[in-house]
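*Asks:* Below are the structure tokens for one structure; questions will follow.
Just so you know, all these numbers are worked out from the coordinates, no wet-lab data involved. Predicted model, so just to flag it, every value in this text is computed and none were measured. Cβ sites come from the backbone with ideal geometry, for glycine too, and all protein chains shown count toward neighbours.
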Amino acid sequence: MTTTEDAPLLRPVSARSAILTILLAADPPSLSARQICAAATRVGYAEATARVAASRMVSSGEMLREDRSYTLSPRLMERRRRVDASVSPRLRDWSGDWELVVITAVGRSPADRSDLRGDLTGLGLAELREGVWMRPDNLERPWPERLDTTCRRMVVRPVEDAADLVGQLWDLDAWSTRGRALLDATGSEDANTRFTATAAAVRHLVADPVLPTNLLPDGWPGDELRAAYADYKPWLFTTPSD
């Protein structure tokens, strides 16, 4: 079962993570040093600290600097795509079918197994048992060709009750409880607390299984978290005097 990590609701965000969060929110994800510093100082980071963190991120290859602008590295652009897919998922009407993925490759290294698990989790699938992953077939997203050599993918119609199967795959109550607490925190009047809560909310949305409405518990906060993030992004890039 995919569970929600039992962790503190809000953790301090380093300057490096703050800049990454700012670039993940920017559209397009390319900002000048002045824009990065303006957003960072608005949410409680000193300009000098932000500049040092940005310089270190360029040196480590996490950011690229071109024409006085900073953008995400290709690896972090993949993270950006996952965030975008979580914030604005593409859904189709659910017919009752399920997507089933069976891992067929053998003899893989621990690193390869970890990468594959990350890929399948990122696609919104959950593990029913070792090597067997499922989800309702209501989510539109591209399927990475690299997985064709390690997995078999099919559409099935389970005999058992869909709600019972969902309960075996995800801990929805835990996700909802944490999501509701994060939603409350994003309404804080303290700029740094709001920023920290919003960053945590985005990470939480990446773990949203995006299930059909009739399979979700009452009060599911997924759409409210998405709306809170959509409202937050313009505020982040607006100077207080605007």
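*Asks:* HN-Hα J couplings of region 13-29 from phi, Karplus 6.51/-1.76/1.60, θ = phi - 60°, integer Hz, Gly and Pro as x?
*Replies:* Per-residue couplings from phi come out as 9, 5, 4, 4, 5, 5, 5, 4, 4, 5, 5, 5, 8, 6, 9, x, x Hz.
*Asks:* Same structure, new question: Given points 7 Å out from each Cα along the Cα-Cβ axis, report the Glu145 to Glu130 separation in nanometres with one decimal.
*Replies:* Computed distance between label sites Glu145 and Glu130 equals 3.2 nm.
*Asks:* Could you work out the local net charge near Leu76, counting Lys and Arg as +1, Asp and Glu as -1, over the other residues with Cβ closer than 13 Å to its Cβ?
*Replies:* The answer is +3.
*Asks:* Please report the antiparallel percentage of DSSP beta bridges with both residues in the chain, rounded to the nearest 5.
*Replies:* Percentage antiparallel, nearest 5: 95.
*Asks:* Here's something else I'd like to know. Under 1.5 on a/c is rounded, so check that first for region 117-172, then, if it is not, pick prolate when a/b is larger than b/c and oblate when it is not; a ≥ b ≥ c are the square roots of the alpha carbon gyration tensor eigenvalues.
*Replies:* Verdict is prolate for region 117-172.
*Asks:* Based on DSSP H runs of at least 4 residues, each adding -39500 (n - 2.57), what is the mean residue ellipticity at 222 nm of the chain after dividing by all its residues, to the nearest 500 deg cm²/dmol?
*Replies:* -15000 deg cm²/dmol, from helical runs alone.
*Asks:* I need the shape label for region 15-83. Rule: rounded when a/c is under 1.5, else prolate if a/b > b/c, else oblate, with a, b, c from the alpha carbon gyration tensor.
*Replies:* Verdict is prolate for region 15-83.
*Asks:* Once amide H atoms are built 1.01 Å from N in the peptide plane, which residues 5 or more positions from Trp94, or in another chain, come under 5 Å H to H?
*Replies:* The answer is none.
*Asks:* Relative to the Cα centre, what is the charge dipole magnitude of the chain, using +1 at the beta carbon of each Lys and Arg, -1 at the beta carbon of each Asp and Glu, and rounding to the nearest 20 debye?
*Replies:* Once rounded to the nearest 20, the dipole reads 1080 debye.
*Asks:* Measure nothing fancy, just the Cα-based angle from helix 110-122's long axis to the longest principal axis of the chain, in degrees from 0 to 90, nearest 10.
*Replies:* Taking the Cα atoms of the chain, the angle to 110-122 is about 90 degrees.
*Asks:* Here's something else I'd like to know. Go through (1) 8, 31, 33, 20, 8, 1; (2) 8, 33, 38, 19, 3, 0; (3) 7, 28, 32, 23, 10, 1, 0 and flag the label whose value is the computed P(r) over Cα pairs in 10 Å bins from 0, in percent for this structure.
*Replies:* (3)
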